[in-house]
Amino acid sequence: MMKREADISENQLLVSYGEKVCMNLLKDHTTQQNIYWATDSYADLGEEFTFFAPITLDKITSYISDEGVVATKEQYDAIIKQTPEARLCYQEMIRPRAVKSKQEQTQRAKDKAEVFTPAWICNAQNNLIDEAWFGRKEGLFNAPDPNDPHKWINNEEKILFPEGKTWQDYVADMRLEITCGEAPYLCNRYDAVTGEYNQDVKYRIGMLDRKLRIVSENTKDSKEWILWAKVALRSTYGFEWQGDNLLLAREALFFTFEEHYIAQFGEKKFNQNKMRMMPGAAYIISWNVWQMDGLTYGLPGYQPFVEEKRDKYVQLSLFSGDTKEEKRKPSPHERFCLIKDFLDGVNIHKATLCSKDFHDQSAPKQTFESIVNKTQQ
């Protein structure tokens, strides 16, 4: 069982879930390769940590023995003499911004305008979304604390839905956090300012947290919970530039899913179902929280190409009206970012809805640019 705290240990993640889940959380589906650093914050460690270098599992974990034991740096030093292929120790490489040094926080704020978003702001803005969806302000997830604008009063009663809308509609409603960083609007595992872990799972204020609360309030058993919790994941999106933040966001959604299940059914039940549900959750998250430059709709640092005719590609320029014709075909990194609509064609009100109704492999793939600009594929 993972230790409950803000900073997730990639070592513990690897030991608890195995390499397949970890590799899903590192995957980029546009390129079919790994996400990459997209920052030079780690460049002092060598070429494999520079801007365009992929984030690989061996760069964020310690040595893992055949028995699944995480070695210390001292143990690694001894192991590496006998086993050159052993993994180098990079424990705590990926950390939430709140626990980074002040110097690094300042530098990243200068480089990419990376800033904290306090939980009370996330909550207030998520409340506005819900007020618009429900058509009311009362009886929602929480209300402002009249004595402190930075706090709120949780609604402990079951959430009721307006006429013409169901709890399934809410769970399946699309939500997107742009330039999501560590995804504080999507999930509220920890305070983005202090880094303090939020143990009050039911009353977390993220958009996915709210969906999962609704799932917990309206499903009758574990099987139904898993089905609708994955609908909640399938309808929750976010994109981010920097690879380390993207991994943190993906991990946050992954463990948000785990923690809501445990809060509803307990750790014993979770351990029984863990490997039947969590790899699928990781796969959905790897699609729905993706790496992208929000100005170009392409991968950070690359200019996307547009196919005009067969074997003819035009490279877009963000800052001029000119285009540059290229006869070569673009690399995977020079394309618009792909996303997947997992709920396309799914009747969520179907009485016998089950996991087989979600054909994940055949769900439509399209570029995010085509959605924004309403262009044809």
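The values are calculated or read from the model by the stated rules, or taken from the named source; none is laboratory data. Since this is a predicted model, take the numbers as computed values, not measurements. All Cβ positions, glycine included, derive from the backbone under ideal geometry; neighbour counts span all protein chains shown. Areas reflect the complete protein model, heavy atoms only, side chains present, ligands, DNA and RNA absent. Shrake-Rupley method; radii C 1.70, N 1.55, O 1.52, S 1.80 Å.
Can you run down the residue pairs with Cβ atoms below 9 Å, 6 or more apart or on separate chains, where the first is in the stretch 195-211 and over 21 Å from residue 233 (Cβ atoms) and the partner is among the aromatic types (Phe, Trp, Tyr) and at pLDDT below 95?
Listed pairs, sorted by first residue: 196/190; 197/190.
Going through the stretch 149-180 one residue at a time, which ones are charged (D, E, K, R) and farther than 30 Å from residue 240 by Cβ?
156, 157, 158, 163, 165, listed by residue number.
Mind listing whichever residues of the stretch 213-245 are among the hydrophobic types (A, V, I, L, M, F, W, C) and closer than 22 Å to residue 7 by Cβ?
241
Among the listed residues 232, 192, which satisfies the condition of being modelled with pLDDT under 95 and under 18 Å from the mean Cα position of the chain (by Cα)?
After applying the criteria, what remains is 192.
Every residue in the stretch 155-184 that is open to solvent by 40 Å² or more (accessible area, probe 1.4 Å), among the aliphatic types (A, V, I, L, M) and assigned to a loop (DSSP other than H, G, I, E, B), please.
Correct list: 160, 174, 178.
Taking the options 198, 218, name whichever one is in contact with a helix residue (DSSP H, G or I) (Cβ under 6 Å, 6 or more places away or on another chain) and open to solvent by 10 Å² or more (accessible area, probe 1.4 Å).
Just a single option satisfies the conditions, and that option is 218.
Given the conditions (1) among the β-branched types (Val, Ile, Thr); (2) without any contact (Cβ under 8 Å) to a residue 24 or more places away in the chain; (3) more than 28 Å from residue 340 (Cβ to Cβ), which single one is not true for residue 219?
(3)
If the Cβ limit is 7 Å and pairs must be 6+ apart or interchain, which residue in the stretch 149-171 that is closer than 18 Å to residue 219 by Cβ pairs with which residue that is surrounded by 13 or more Cβ atoms within 10 Å (Cβ to Cβ) and among the small types (Gly, Ala, Ser)?
160/139; 171/232
This table checks each residue for (1) assigned to a helix (DSSP H, G or I); (2) more than 21 Å from residue 182 (Cα to Cα); (3) out of contact with any strand residue (DSSP E or B) (no Cβ under 6 Å at 6 or more places or on another chain); (4) open to solvent by 10 Å² or more (accessible area, probe 1.4 Å).
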position: 223; (1), (2), (3), (4): yes, yes, yes, yes
position: 231; (1), (2), (3), (4): yes, yes, yes, no
position: 237; (1), (2), (3), (4): no, no, no, yes
position: 245; (1), (2), (3), (4): yes, no, yes, no
position: 252; (1), (2), (3), (4): yes, no, yes, no
position: 256; (1), (2), (3), (4): yes, no, yes, no
position: 271; (1), (2), (3), (4): yes, yes, yes, yes
position: 274; (1), (2), (3), (4): yes, yes, yes, yes
position: 286; (1), (2), (3), (4): yes, no, no, no
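Kindly evaluate residue 267 against the criterion of being open to solvent by 10 Å² or more (accessible area, probe 1.4 Å), under 20 Å from residue 366 (Cβ atoms) and at pLDDT 95 or above.
no
Report yes if some residue within the stretch 150-157 is under 29 Å from residue 353 (Cα atoms) and in contact with a Gly (Cβ under 9 Å, 6 or more places away or on another chain); otherwise report no.
yes
Consider residue 210 against the criteria (1) modelled with pLDDT under 95; (2) under 21 Å from residue 265 (Cα atoms); (3) not in a loop (DSSP other than H, G, I, E, B): it satisfies all of them except one. Which criterion is unmet?
Of (1) modelled with pLDDT under 95; (2) under 21 Å from residue 265 (Cα atoms); (3) not in a loop (DSSP other than H, G, I, E, B), only one is false for residue 210: (1).
Could you tell me how many of the residues in the stretch 35-56 are of a type outside the set (A, V, I, L, M) and either surrounded by 20 or more Cβ atoms within 10 Å (Cβ to Cβ) or part of a loop (DSSP other than H, G, I, E, B) (or both)? Steps first, please.
So the first thing to find is which residues in the stretch 35-56 are of a type outside the set (A, V, I, L, M), and the list is 36-37, 39-42, 44, 46-52, 54, 56.
With either surrounded by 20 or more Cβ atoms within 10 Å (Cβ to Cβ) or part of a loop (DSSP other than H, G, I, E, B) (or both) added as a condition, the list becomes 36-37, 39-42, 46, 50-52, 56.
Residues that pass the stated criteria total 11.
Of the conditions (1) at pLDDT 60 or above; (2) in a helix (DSSP H, G or I); (3) under 24 Å from residue 195 (Cβ atoms), residue 111 fails just one. Which one is it?
Of the numbered conditions (1) at pLDDT 60 or above; (2) in a helix (DSSP H, G or I); (3) under 24 Å from residue 195 (Cβ atoms), the odd one out for residue 111 is (1).
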